[in-house]
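What follows is a single structure, written as structure tokens, with notes after it.
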Amino acid sequence: MSKARVLVTGSDEQLGKAVLTALGPCGVAANPTGDGTADPSALTGIEAIINCANRVTGTTEAIERMNVAFPTNLAQQARMAGVRRFVQVSSFSVYGRAEQIDAATPLLPLGDYGRSKLAAEQALLALDHADFRVSVLRLPFMFSAQEPEMLGRLVALMLRLRVLPSSAAKPCRRSMITYASAAAILIELAKGPDPSVEVCVAADPRPLDLTVIARLIDERLGRRIAILPIPEAAVLLAGRIAPAIADRLFRSSVLSPSANLLKGAGEHGVEAALLGYLDGLVAGRFTGQHRRSC
């Protein structure tokens, strides 16, 4: 597939950009049209499609239009046009609030986003055929040193407060992945997925402990972040009062190694990307909220 053309939707989003960068001249950028459909002419000469188009917020209708209707219609068009492979980006959100994720973890999505990603998986897998292979890749929170997303906001908050509340019973550990690692896996699936495995799950093999973030901030920026142990009863109370914030601070989400498609992240590892971001703060490569926090 070294010269095969691969259509990448959602090419204006960070993951889509990473996939196009990795594909080089073989990548073809595409985005949904205003009515949420794809231009059929864009499928001419395409061997595979990687759908990175995604909508996290908005009305239920808007989320379903982007996350369910668009990829399903695109896959139907692609199958008729003779495209051989379709790779769908899905999310750990299909597991709901599960703290340990493996092959037996039930699918219990919460909210419009998680439900839309699961609905898209089901609709797309129903189109799988010997001449049109469909693969689904479930991914956790993604970031890069240049685009830290929520991790950057967490670092900024730590720098302002100089404290990290942490469950006294167990630290919060999160499986994450960099855009570069996710892009590499998506391209491998587009080359020719194992027909016996339709749904894959991937994350950096080393979950990130939030207390490690605090330690690295101290090492790289010289800003000590105190770890504040929170009793389990207080953690449960926080979950009832402010569930979204409590989830970010106290709920783990860890992918089992046995279920993880990614066995080694190498230079694109999560901790390396975090260090790159922190070093960027020191060097003044970032502006705005995160720079002011230093």
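The values are calculated or read from the model by the stated rules, or taken from the named source; none is laboratory data. This is a predicted model, so every value here is computed, not measured. Every residue, glycine as well, gets a Cβ built from its backbone with ideal geometry; the counts of neighbours run over all protein chains shown. Please note that ligands, DNA and RNA were not included when accessible areas were found on the heavy atoms of the full protein model with its side chains. Shrake-Rupley method; radii C 1.70, N 1.55, O 1.52, S 1.80 Å.
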Under the rule rounded for a/c under 1.5, else prolate if a/b exceeds b/c, else oblate, using alpha carbon gyration tensor axes a ≥ b ≥ c, the stretch 42-104 is classed as oblate
Say R0 is 30 Å: what FRET efficiency, to the nearest 0.05, do residue 97 and residue 41 get from their beta-carbon distance?
0.10
Square roots of five times the C-alpha gyration tensor eigenvalues of the chain, ordered largest first and given in whole Å, equal 35, 21, 17
Take the Cα radius of gyration of the stretch 38-156 and divide it by 2.2 N^0.38 Å, with N its residue count; two decimals is plenty.
1.16
Long-range amide H partners of residue 227, meaning residues 5 or more apart or on another chain whose placed amide H is closer than 5 Å, are 164
Accessible area per residue in Å² at 1.4 Å probe, computed on the stretch 95-239:
45 Å²
Cβ-derived FRET efficiency at R0 22 Å, residue 233 paired with residue 256, nearest 0.05
0.15
Over the heavy atoms of residue 147, what accessible area does a 1.4 Å probe trace out, to the nearest 10 Å²?
70 Å²
From the square roots a ≥ b ≥ c of the eigenvalues of the alpha-carbon gyration tensor of the stretch 1-83, which class results: rounded (a/c under 1.5), prolate (a/b over b/c), or oblate?
oblate
Name the residues whose placed amide hydrogens come within less than 5 Å of the amide hydrogen of residue 139, ignoring near sequence neighbours (fewer than 5 apart) on the same chain.
90, 91, 92
Treating only the Cβ atoms of Lys and Arg (+1) and Asp and Glu (-1) as charged, compute the dipole magnitude of the stretch 174-273 about its Cα centre; round to the nearest 20 debye.
360 debye
Rank 154, 137, 186 by mean-square fluctuation in a GNM of the chain with C-alpha springs under 10 angstrom and give only the top-ranked residue.
154
So how much slack lies between residue 157 and residue 188, counting 0.36 nm per residue of separation and subtracting their Cα-Cα distance, in nm?
7.5 nm
Measure off, as a whole percent, the carbon and sulfur share of the 1.4 Å-probe accessible area of the stretch 202-251, all protein chains present.
60 percent
About the Cα centre, and with charges only on the beta carbon of Lys, Arg (+1) and Asp, Glu (-1), how big is the dipole of the stretch 18-106? Nearest 20 debye, please.
140 debye
Percentage relative contact order, the stretch 1-136, counting C-alpha pairs under 8 Å, at least six apart
22 percent
Which one of 261, 212, 63 is farthest out on the positive end of the charge dipole of the chain, using unit charges on Cβ (Lys, Arg +1; Asp, Glu -1) and the Cα centre as origin?
212
Can you give the charge dipole size of the chain about its Cα centre, rounded to the nearest 20 debye, using +1 on the beta carbon of Lys and Arg and -1 on the beta carbon of Asp and Glu?
840 debye
Can you tell me how the stretch 145-294 classifies by the Cα gyration tensor, rounded, prolate or oblate, using a/c under 1.5 as the rounded cut?
oblate
³J(HN,Hα) across the stretch 3-13 via Karplus (A = 6.51, B = -1.76, C = 1.60, θ = phi - 60°), whole Hz, x for Gly/Pro?
10, 5, 8, 10, 7, 10, 8, x, 6, 8, 9
Projecting the Cα atoms of 50, 20, 176 onto the charge dipole of the chain, where Lys and Arg contribute +1 and Asp and Glu -1 at Cβ, the residue farthest towards the positive end is 176
